[in-house]
Every structure is written in C-alpha cells, then in structure tokens.
1. Among the residues of region 110-118, are any closer than 16 Å to Ile47 by Cβ, without any contact (Cβ under 8 Å) to a residue 60 or more places away in the chain and out of contact with any strand residue (DSSP E or B) (no Cβ under 7 Å at 6 or more places or on another chain)?
2. Out of the residues in region 137-152 that are under 18 Å from the mean Cα position of the chain (by Cα) and aliphatic (A, V, I, L, M), state the one that is farthest from Val116 (Cα to Cα).
3. Go through region 160-174 and give me each residue that's in a helix (DSSP H, G or I) and touching a residue at least 40 places away in the same chain (Cβ under 8 Å).
4. Would you tally the residues in region 128-148 being surrounded by 14 or more Cβ atoms within 10 Å (Cβ to Cβ), free of Cβ contacts under 8 Å to residues at least 24 places away in the same chain and either of a type in the set (Ser, Thr, Tyr) or touching a Ser or Thr at 6+ places or on another chain (Cβ under 6 Å) (or both)?
5. Quickly run through region 114-138 and pick out the residues that are of a type in the set (Asp, Glu) and in a loop (DSSP other than H, G, I, E, B).
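We did not get these values from a lab; they are worked out from the coordinates using the rules stated. Values in this document were obtained by computation on a predicted structure and should not be read as measured data. Note that we place each Cβ from the backbone using ideal geometry, even for glycine, and neighbour counts take in every protein chain shown.
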Amino acid sequence: MKTLLVGLILALSLQHTEAQTSPLPAEKVLDLAIAKATKENKSVLAIFHASWCGWCHKMTASLNDPAIKPLFDKYYVIADFTVYETKGKENLENPGAAELLKKYNNADQGLPTWLVFDNKKNLIADSQIRPAGASLSTKGENAGCPAAPAEVAHFIDCLKKSSTLNEAQLADIAAVFRKNEIKR
C-alpha cells in the first residue's frame, strides 16, 4: 500500500511538472490580445511587471478593484508581460518582453510600465509623462502605477484617447488610483 501511495504521489508530481509551461513570447501575447481586441472592438492595455515589484502589485489590485474592473473589462483587453525578473526567476519572464519595451521606446522606464494599443496594433498612449505635444518617441517620465495627481491625470488622459469612457467613469477610475498616493 505504501509503495502504491508513493507511486501515485510521484505520478501526480510529474504530471504537475509537465503541465507547467514557459511563458509565451511577448509578441505572441500582444498579437493574441490584439486579435481579441479586434473581435471585441476594444483597445489593449499592455502592462509590464515583475514579481518583486510592489507598485506592479498595486497596479494589478487597482485594475481589479470591484468599483472599476467592469469598466476595464468593457473597454480593454489587458495583456500582462513579465520582465526584468531577479536572478533565479528569469524563467517567469515572457521571452522578448524587454525587446518589446525597447521597440516602443519604453525601455529603462521602471516598473510597472504600460502601453495602450488600438485594435490595429498602433501604439496610442503609454505610461510616460511628456511635455504637451511631444511625440511618443520623446523620452518622458514613467507614471508607473498612477498615484500622484499628475500620474493619475496622465493615466486618465490615456484612457480618454483609447476608449469612450465618460467623465463619471473616468472620475471613478481616478478615485481608485488616487488611493495609492495615500498608501505611499
């Protein structure tokens, strides 16, 4: 009986190990999100994070806040990318995620970093706060997980560019993200 139990545990263990897969390449994650956004007539909110990043966890928690999650579900396909992991956790990274950030002029911006695409894969906004009228290729300061008033205002402006959220809905989103400033 003991041998049977050990064998069963070993078999389940191996099955679990085989079920674990490597993260998808970043371009594939983005392409899948774009395809879904096209089908559902939404924009894509691509969020780059790492397991060690506290502000990344706050960003995820804010997006999942029950007061605003339905709004993001209605207007966005959220695509998550793991990047810049610590030594020993590189296996959690989406291959090519750092290169994707570089491609869209967002390398070395800190985490979280986010990009907003239309459903044709055109970058329409990102987490960098730039001077008024500056192009997306101009280097700016990363808003990360919006918390400070200027960061939240930037995030709301990006949402305006990429959705038909109304003023009341945008105010609800801003209120949730402003709570992060209090917790700094």
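1. So the first thing to find is which residues in region 110-118 are closer than 16 Å to Ile47 by Cβ, and the list is 110-117.
Imposing the further condition that a residue be without any contact (Cβ under 8 Å) to a residue 60 or more places away in the chain reduces the set to 110.
Within this subset, residues satisfying the condition of being out of contact with any strand residue (DSSP E or B) (no Cβ under 7 Å at 6 or more places or on another chain) are none.
No; the residues of region 110-118 include none that is closer than 16 Å to Ile47 by Cβ, without any contact (Cβ under 8 Å) to a residue 60 or more places away in the chain and out of contact with any strand residue (DSSP E or B) (no Cβ under 7 Å at 6 or more places or on another chain).
2. Our first condition is that a residue be under 18 Å from the mean Cα position of the chain (by Cα); within region 137-152, this holds for 141-147, 151-152.
Filter once more, so that each one left must be aliphatic (A, V, I, L, M): 143, 147, 152.
Values: Ala143: 14, Ala147: 18, Val152: 15 Å.
Only one residue tops the list, namely Ala147.
3. In the first step, residues of region 160-174 are kept if they are in a helix (DSSP H, G or I); the result is 160-162, 167-174.
Matches in region 160-174: Lys161, Ser162, Gln169, Asp172, Ile173.
4. Of region 128-148, the ones surrounded by 14 or more Cβ atoms within 10 Å (Cβ to Cβ) are 128-130, 136, 140-148.
Still in the list and also free of Cβ contacts under 8 Å to residues at least 24 places away in the same chain: 128, 130, 140-141, 143.
Applying the additional criterion that residues be either of a type in the set (Ser, Thr, Tyr) or touching a Ser or Thr at 6+ places or on another chain (Cβ under 6 Å) (or both) yields 130, 143.
Final tally of qualifying residues: 2.
5. To start, the set of residues in region 114-138 that are of a type in the set (Asp, Glu) comprises 118, 126.
The one that is of a type in the set (Asp, Glu) and in a loop (DSSP other than H, G, I, E, B): Asp118.
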